[in-house]
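No value in this document is a laboratory result; all are computed from the given coordinates. Quantities reported herein were computed from a predicted structural model and do not represent experimental measurements. Cβ coordinates were reconstructed from backbone atoms using ideal geometry, including for glycine residues, and neighbour counts include every protein chain displayed.
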Amino acid sequence: MEASRLSTDTTNKSMAARIMVALDYSSANEAEALLASLRGIPCYVKVGMQLFYAEGPKFVARLKEEGYSVFLDLKMHDIPNTVKGGAESITRLGVDMFNVHAAGGKQMMEAALEGVDKGLASSSKRPIVIGVTQLTSTSQHMLNAEIGIAGSVEDAVLRYAKLSRDAGLDGVVASPLEVVRLKREVGPGFVTVTPGIRPASAAIGDQSRVMTPKEALKQGTDYIVIGRPITAAASPREALESILEELV
Ligand SMILES: O=c1ccn([C@@H]2O[C@H](COP(=O)(O)O)[C@@H](O)[C@H]2O)c(=O)[nH]1
């Protein structure tokens with residue numbers, strides 16, 4: 001293989017590892033079909049509530065057996081003791097990353113980490129634990145007028161991120177619009193996972209704070225989460241490949 005092609009392939013692979021494909025399906029069959037169509041592209045996969053509530057831990061275990069990096073996006077938000085138990089069970093699944101809502105508070109996030117420590121007794125891999133700040137579907141108007149939180153979305157995200165860091169978490173879910181400030185004020189090593197990713201031609205749908213894949217990575221985010229622009233495309237593989245081409 002020529003050198004230039006080889007380096008493009010390598011770059012593509014390292015870019016693909018920073019793309020989390022959201023498997024928002026109601027059955028394992030649909031998710032497996034999507035993954036079969038993306039075979040050979042080493043992206044991260046994200047399992048959210050829809051698939052997990054339908055197929056449960058067995059499907060997550062299957063993804064791990066097949067060698068995928070898995071972000072289990074269940075956004076736990078409950079009293080500390082319950083979240084601790086949830087985190088223990090999730091850690092036993094051997095996922096690479098999971099999350100809790102930062103709005104649950106510092107004690108709840110610390111409890112999640114205690115759960116991780118307990119779960120690690122029977123599994124060697126420590127998952128990355130991140131806090132959800134403000135959902136990317138939340139607009140400035142919603143934050144102030146509906147949820148009743150004063151100030152800018154960016155400030156609210158920063159507050160939750162600092163609380164997550166102080167609780168010992170590894171990073172946060174936020175929109176790409178907040179990444180530069182997060183990296184500057186919370187720390188460059190604090191992991192950012194950013195949904196709200198929309199290629200220029202894609203429908204925005206229910207998201208509010210959005211950016212293109214290329215612009216999001218330019219902000220310095222660690223991972224971009226992409227669901228419908230890939231999963232709802234006529235050819236998910238072509239959609240992902242065209243995103244990757246734009247990134248190199
Ligand atoms: O703030 C958040 C937190 C999580 N998500 C999840 O990411 C994907 C985005 O899917 P799209 O189809 O690309 O909109 C989805 O699974 C959400 O649950 C988020 O969007 N925003």
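Tell me the mean residue ellipticity at 222 nm calculated for the chain from its helices only (DSSP H runs of n ≥ 4, each -39500 (n - 2.57), averaged over every residue, nearest 500).
The helix-only estimate for the chain comes to -13500 deg cm²/dmol at 222 nm.
Extension gain, Thr10 to Ala36: 0.36 nm times the residue separation minus the Cα-Cα distance gives 7.3 nm. For Val132, the residues whose amide H sits under 5 Å from its own are Val100, His101, Ala102, Val173, ignoring neighbours fewer than 5 places away on the same chain, with H placed 1.01 Å from N. Residue-wise HN-Hα couplings along segment 176-185, as the Karplus relation 6.51 cos²θ - 1.76 cosθ + 1.60 with θ = phi - 60° gives them from phi, are x, 5, 9, 5, 4, 5, 4, 5, 6, 9 Hz; Gly and Pro carry x.
Judged by the gyration tensor of its Cα atoms, with axes a ≥ b ≥ c, segment 207-248 is oblate; a/c meets the 1.5 cut and b/c is at least as large as a/b. Free of any GluC sites (Glu not before Pro) that DSSP assigns to a loop and that have at most 16 other C-beta atoms within 10 Å, the longest stretch within the chain is 67-248. Amide H contacts of Lys75: Asn99, each under 5 Å away and 5 or more positions distant or on a separate chain (H built 1.01 Å from N in the peptide plane; Pro and chain starts excluded).
Any idea what % of Cα-Cα pairs in segment 60-139 are farther than 15 Å?
It works out to 53 percent of all Cα pairs.
Can you pull the semi-axes for segment 119-199, root of five times each eigenvalue of the Cα gyration tensor, sorted largest first, whole Å?
That gives 25, 13, 13 Å for the three semi-axes.
Running Debye on segment 8-56 with equal point scatterers at the Cα sites and no solvent, what base-10 log of I(q)/I(0) appears at q = 0.17, 0.20 Å⁻¹? Debye output, listed in q order: -0.52, -0.67. The label point for Glu146 and the one for Glu245, both projected 7 Å from the Cα toward the Cβ, are 3.7 nm apart.
Fewest neighbouring Cβ atoms within 10 Å first, the residues Thr11, Thr194 line up as Thr11, Thr194. With only Cα atoms counted, the chain has Rg and Dmax values of 17.8, 58 Å.
The calculated Kirkwood hydrodynamic radius for segment 10-89 is 13.6 Å, given to one decimal from all distinct C-alpha pairs. Phi angles of segment 167-172 translate, via the Karplus equation with coefficients 6.51, -1.76, 1.60 and θ = phi - 60°, into HN-Hα couplings of 7, x, 5, 8, x, 9 Hz per residue; Gly and Pro are given as x.
Extending 7 Å from Cα along the Cβ direction at Ser139 and again at Arg228 yields two label points whose distance is 1.5 nm.
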